[in-house]
Amino acid sequence: MSLQPGPVVLLSSGETAASGRRVLDWLLGRWIPPVRIALLETPAGFQPNSELVAEKVADFMRHHLQNHQLQVDVVPARKLGTPFSPDNPQIVAPLRQADVIYAGAGSPTYAVRHLRGTLAWYTLLARHRLGAGVVFASAATIAASAQALPVYEIYKVGEDPHWTPGLDLFGAYGLSLALVGHWDNTEGGADLDTSRGFIGQARFEQLRATLPPQVKVVGIDEHTALVVDFASKTCQVMGLGGVTLCQEDEEQRYLDGQTFPITELGPFSMPAPRSGIPVGVWEQVEEAQLQERAAVPPQPPEEVLALVAEREAARARREWSKSDLLRDQIEAWGWDVRDTPSGPELVASS
């Protein structure tokens, strides 16, 4: 069982557009099909049609990412204190065995109120620490911040610009981030600046000045994703626009295809796997993973399959020394190769 956190994809918008499909296709390709993905409904849980919103995303994934043989579970963890609560173990159950967990559009502040400290949130954290990928889009991306921007309250309701505490997904890794989507938005046209997450550059600069000095603003353009890869300790930009890192008076911008060290986000450090997660939640997720692994035989990676093919070619040429060397390399990957009348068979080493 992996104790390496999975990648985190932070999408600004366009999760069901061609740009989002490209990012999801890349991410899902890191798992051997079939891939299990859990869609967390919470950010849109206040909407009467939140079920429909989630199902549209699920249908998009099933139809446009068919090559990954997706098994999609919608997790209707809509509102605390209801049968569809993020604290309901039956509702949350699909998160425990998901290869990828997705949360998307809705309200950032609603997502924070109904996820913080819940069974759903801790299960997501535990599953991520054990290797699952996490995809946050739109409102969920903002909610994942240490300091979240209450977009609706400011842009639609007219509250004074302010920050509100977020879910702080990256806090355990030593990173204090304010994630702002729709960084390059132009819906307001020439008459209204709606960039910087609909707040406008002038008001946003005032907001920046109120942040603690350790907080780094991560501005993500529309139809663009920032991929945080904990295994390689790097970040990559994918999409039509770019990502802007802001702290105090310094700004750094990265465009599609560019990578940078994770330390550009702050003083990164890897936490102990169980840090900050209730023991009972961790054990439930760990047990679910063990059961899943016992039920599904392990599959050899492409590198091993390539070695087997090369060994078969060497045997056909009667190059026995090379064949033995390749067998040793296959065993080093944790697989035993058995020669049978019908061809080679691979068995995971015990």
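The values are calculated or read from the model by the stated rules, or taken from the named source; none is laboratory data. As the structure is a prediction and not an experimental result, all values here were calculated from the model. Note that we place each Cβ from the backbone using ideal geometry, even for glycine, and neighbour counts take in every protein chain shown.
Picking from residues in segment 151-167 that are in a loop (DSSP other than H, G, I, E, B) and at pLDDT below 95, the one that is surrounded by the most Cβ atoms within 10 Å (Cβ to Cβ) is Pro161.
Against the test of being touching an Asp or Glu at 6+ places or on another chain (Cβ under 6 Å) and farther than 30 Å from Asp168 by Cα, the options Val308, Val347 yield a single qualifying residue, Val347.
For segment 7-35, a residue qualifies if it is more than 13 Å from the chain's Cα centre (by Cα), of a type outside the set (Ser, Thr, Tyr) and over 11 Å from Met61 (Cβ atoms), and the qualifying residues are Gly14, Ala17, Ala18, Arg22, Gly29, Trp31, Ile32, Pro33, Pro34. Listed conditions (1) among the small types (Gly, Ala, Ser); (2) in contact with a Pro (Cβ under 6 Å, 6 or more places away or on another chain); (3) closer than 24 Å to Gln47 by Cα are all met by Gly174, apart from (3). Among the residues of segment 174-193, those that are more than 20 Å from Leu255 (Cβ to Cβ) and assigned to a loop (DSSP other than H, G, I, E, B) comprise Gly174, Leu175, Ser176, Glu187, Gly188, Gly189, Ala190, Asp191, Leu192, Asp193. Could we say that Pro43 is modelled with pLDDT of 95 or more, crowded, with 18+ Cβ neighbours inside 10 Å, of a type outside the set (D, E, K, R) and closer than 21 Å to Pro273 by Cβ here? Spelling it out, it is not the case that Pro43 is modelled with pLDDT of 95 or more, crowded, with 18+ Cβ neighbours inside 10 Å, of a type outside the set (D, E, K, R) and closer than 21 Å to Pro273 by Cβ.
Per-residue answers, yes or no, for (1) closer than 29 Å to Thr244 by Cα; (2) without any contact (Cβ under 8 Å) to a residue 12 or more places away in the chain; (3) crowded, with 24+ Cβ neighbours inside 10 Å; (4) not assigned by TED's automatic domain parsing to the domain that holds Gly197:
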{"position": "Val35", "(1), (2), (3), (4)": "no, no, no, no"}
{"position": "Pro48", "(1), (2), (3), (4)": "no, yes, no, no"}
{"position": "Ala98", "(1), (2), (3), (4)": "no, no, yes, no"}
{"position": "Ile101", "(1), (2), (3), (4)": "yes, no, yes, no"}
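Of the helices (runs of 4 or more DSSP H) lying entirely inside segment 1-105, those containing at least 2 residues that are in contact with an Asp or Glu (Cβ under 6 Å, 6 or more places away or on another chain) are 50-64.
Taken over segment 299-322, the criterion of being charged (D, E, K, R) and either touching a residue at least 24 places away in the same chain (Cβ under 8 Å) or over 17 Å from Ile32 (Cβ atoms) (or both) is satisfied by Glu303, Glu310, Arg311, Glu312, Arg315, Arg317, Arg318, Glu319, Lys322. When segment 329-342 is filtered for residues that are at pLDDT 85 or above and over 36 Å from the mean Cα position of the chain (by Cα), the ones remaining, listed by number, are Arg338, Asp339, Thr340. The strands (runs of 3 or more DSSP E) located wholly in segment 203-262 that include 1 or more residues which are within 26 Å of Ile154 (Cβ to Cβ) and of a type in the set (Lys, Arg) occupy 216-220, 250-255.
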